[in-house]
Amino acid sequence: MLSEMARPGIFRQHYFFAIIPSTLLSQALQGHDVLEIRLLGGVAIKEDDRLVDGLVSRKAEALVAYLVCTGRTQSREALGDMFWDDRSQSKAMGNLRVILTSLRQQLGEYVDIRRQTVAFNIDSNYWLDVAELTSLTEMLQNEAAGADHLSRTTVKQLERAVELYHGDFLAGFNLRDAQGFEEWARFERERLRHFIIQALHLLVAYYLRSGDYQLGLNYATRLTELDSFSEEAHRQMMLLLVRTGQRNAALRQYESCRHILADELGVDPLEETTLLYQRIKSISTVGAHNLPPQHTPFVGRTAELMLLSSYLTQSDIRVVTLVGPGGIGKTRLGTQVALENRTVFLNGVCFVPLAAVQSADSLVPSIIEALQLSVSSSERPKTQLLDYLRNRELLLFLDNFEHLVDGGIDFILDILQAAPEVKLLVTSRERLNIHGERVFEVGGLPIPPDNDQTTATHSAMQLFLQSANSTRAGFSPDAEALTQIARICRLVEGMPLAIELAAAWVHVLSCREIAEDIERNLGALSAPTRNIPQRHRSLRAVCDYSWELLSADEQQVFQKFGAFVGRFDREAAQRVTGVSLLTLSALADKSLVRRSATGQYDVHELLRQYAAKKLADDPAELENTLDRHAGYYAALLRRRQAEFETDSKPQALDAIETAIDNILAGWQWSLIRGRYADVRLALDGLFLFYETGGRLWEGARLFERSVTVLELQNTATDSDDSKEVSGLIGSLLLRQGQLLHRLASYTEAEETLRRSINLLRPLDENRALALALEQFGGLLHNVGRHAEAQEQLQTSLDMWSTIDDEAGIARLKNRLSALV
């Protein structure tokens, strides 16, 4: 219940003080006589920066405090009872008259002293710190209790409240024989102190979430000073210390908390506090993330962010799945909610992009790569990954999971079972349908209704304006343009990708022209595609419209970008598509191609699919483009292959890792297309990448699937081609056997290497056969079959000698000598 001092309306005339910083107060009231009264942290009364120090006694100051804080007219009799409760009425009245005389002399117009009553003149020009703080409490009463989504205005008000609070109300101010006043002061002191403690909790939590840890630490320090028994305050302090790189200080904070509780209350810290201590003790960094950088502010979806944030903090929700059609903004929303909640998880957020992943077999390697986890060859990568996650408090963000649901769901369940503190944030076009999943359907951004044409308050219009400004700096639409922007947003049903594409044309077309052309394209789509959802038709209409506005050269280049999967650099773009730097920049300006801070390019998956369909309309051009794409990445592997034997090996691994999605797409095309020369060109570099990078299972399974494809083709080829295919199969089996050997899968490795040798022996594949025999002999030696090993290694030495390979000869002589 509000005290009398905090009744609404008492300080209405001074309400503006609550939003004016104290540094501007003197400027705001310059030229006026102002009485400044500070009661927080003591008592100080000034008039025009001059200390009023002529009051007759401490009770005179106390009377001023009581009158100005209550803001009500008080009877002299009541004041006498309050301030001199042990004196007779006549004595009390006499003492009161002395004080009132002093007030009249020192404060004059600021007090209204009459025969029966006394009041502070609330119409006078004065400022009271308690009044401003009380105004802030009234304004903040309707704010949400949590700190997840405090507005900046609210944060500023909370900060102002803390700034005002120099100490307890009337700190160090004690009056004898004034029990009534002391009770009133004690109540106000506790009320204001309680509010400041709440304000500090909110500020600390806010800055924990927003990432301004140093500022949060400043407030947390004040909080623990004011409320040293609060374990929540100590936990917040521990988190802030560790997130500012002060891990040891965070551990000491726990010890301080433990001693305070033991010495003052005789209790131990709560389990929650002790668990936090143990987690901090076991880690070195907190709140890290690898989320992709965003170059524009996030628009709208405030309610969605709040709801999703609450999901991430609920213990019974292990998986949050953002479901919706392509282009609706699932990834952007997921990235924002992960960013805002990164410090909720001590081990932070790991973003795993999956759009370019072709099968569930690559799910484990993709997560390992995103975590930058080093794996050994002694154990399956899946087992090592689950062991790593087991004791982590982490948000795993799996983006574009829909094509992996069938094959990848079992591993998701494995993660949930093995790692109880790991939560999953998933974007997908379909739900996972597993226990502990909370599905959130992502819709379009809010759009203006038909009767609201010219306001830009709706998120869809804000996104259009933001996107338009990135294309045409200073874009400032008039009322007519705003009407057309609203029309565009309604046509595409608030779909973010469609809005961004449409906005990209404001530098050459009016908003009316854009709206009319989109509407025309929608009409063209409606008749033959009635079974397609309206939202998909809307996006298709915008894509068609953007396509029509491209020049012939731009169209020719953009459709070829459909050949790429995931990221690619400028050299790859130029070699595969023939694009000029000017055209590449033009496509980026039109939001059709995206460029990252690292210089890599990519195309939104929906736009890539659209480009691929356009490319498929010309089968000859499709094959030509895919051939160039596969050839480029095969040559990239061959160029990097030699670096694995030099100090440039880390750079080679990084370069191949960056291009791996395109490398595998080109590899698959070469297998299907029968471009065996490109497969041979890429094979050794790809093998070295998997072997050196510790991705042994992934490489072994890739070569196994490649062999299956070639074996199916080999049944339909003539004898000459059959020999070439058989030789290639033999080389693939060799590399698969090497990886299986490294994995200690000896039985499978032996079978694979025997198949390789049997295929290579009748062919002119002496180098591959020599290496296969060498690998087979090494395997036999490792399993204790030394006589067989010596036979195979000797045969390998003979073959290395036949082809006069000095390195092979030296290597085999060393191996054979070790057997003797």
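Kindly indicate which of ALA119, ALA92 is hydrophobic (A, V, I, L, M, F, W, C), in contact with an Asp or Glu (Cβ under 8 Å, 6 or more places away or on another chain) and more than 21 Å from ALA44 (Cα to Cα).
Details: ALA119 fails: more than 21 Å from ALA44 (Cα to Cα).
Of the residues listed, the single one that is hydrophobic (A, V, I, L, M, F, W, C), in contact with an Asp or Glu (Cβ under 8 Å, 6 or more places away or on another chain) and more than 21 Å from ALA44 (Cα to Cα) is ALA92.
Every residue, every condition in (1) buried (at least 20 other Cβ atoms within 10 Å of the Cβ); (2) β-branched (Val, Ile, Thr), yes or no:
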residue	(1), (2)
TRP667	yes, no
LEU683	yes, no
PHE687	yes, no
THR692	no, yes
TRP697	yes, no
ARG701	no, no
**OP:** Could you check LEU525 against (1) at pLDDT below 80; (2) under 27 Å from ARG332 (Cα atoms); (3) surrounded by 15 or more Cβ atoms within 10 Å (Cβ to Cβ) and say which number it fails?
**Re:** (2)
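Condition test on ASP316, is it surrounded by fewer than 20 Cβ atoms within 10 Å (Cβ to Cβ), touching a residue at least 40 places away in the same chain (Cβ under 8 Å) and of a type in the set (Asp, Glu)?
Working: surrounded by fewer than 20 Cβ atoms within 10 Å (Cβ to Cβ): yes; touching a residue at least 40 places away in the same chain (Cβ under 8 Å): yes; of a type in the set (Asp, Glu): yes.
Answer is yes for this residue.
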Subject >> Subset tally (residues that are buried (at least 18 other Cβ atoms within 10 Å of the Cβ), of a type in the set (D, E, K, R) and either in contact with a helix residue (DSSP H, G or I) (Cβ under 6 Å, 6 or more places away or on another chain) or at positive phi (or both)) for segment 47-75 >> reply: 1
**OP:** Go through segment 311-365 residue by residue and tally those that are closer than 28 Å to GLY693 by Cα and among the charged types (D, E, K, R).
**Re:** 1
**OP:** Being of a type in the set (S, T, N, Q) and in contact (Cβ under 8 Å) with a residue 40 or more places away in the chain narrows it down to one of SER706, SER670, SER648, so name that one.
**Re:** SER670
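Does at least one position in segment 244-263 carry a residue that is more than 21 Å from ARG160 (Cβ to Cβ), β-branched (Val, Ile, Thr) and modelled with pLDDT under 90?
Just the residues of segment 244-263 that are more than 21 Å from ARG160 (Cβ to Cβ), to begin with: 244-263.
Now drop any that are not β-branched (Val, Ile, Thr), which leaves 244, 260.
From the residues that got through so far, the ones that are modelled with pLDDT under 90 too are 244.
Yes: one or more hits.
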Original post:
Quick one: in segment 158-181, which of the residues that are of a type outside the set (A, V, I, L, M, F, W, C) and modelled with pLDDT of 90 or more is surrounded by the most Cβ atoms within 10 Å (Cβ to Cβ)?
Top reply: TYR165
**OP:** State all residues of segment 501-516 that are charged (D, E, K, R) and either modelled with pLDDT under 80 or within 17 Å of PRO448 (Cα to Cα) (or both); if no residue qualifies, say none.
**Re:** ARG512
Subject >> Single unsatisfied condition, ASP804 versus (1) surrounded by 22 or more Cβ atoms within 10 Å (Cβ to Cβ); (2) at positive phi >> reply: (1)
Original post:
Just a yes or no: is a residue in segment 331-351 under 30 Å from ALA502 (Cα atoms), of a type in the set (D, E, K, R) and in a helix (DSSP H, G or I)?
Top reply: yes
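For the structure I just gave you, tell me whether LEU136 is touching a strand residue (DSSP E or B) at 6+ places or on another chain (Cβ under 8 Å) and in a helix (DSSP H, G or I). Steps first, answer last, please.
Values: touching a strand residue (DSSP E or B) at 6+ places or on another chain (Cβ under 8 Å): no; in a helix (DSSP H, G or I): yes.
Here the answer is no, as LEU136 does not meet what is asked.
The values are calculated or read from the model by the stated rules, or taken from the named source; none is laboratory data. What you are looking at is a predicted structure, and each value in this text was computed from that prediction instead of being measured. All Cβ positions, even for glycine, are placed from backbone atoms using ideal geometry, and neighbour counts span all protein chains on display.
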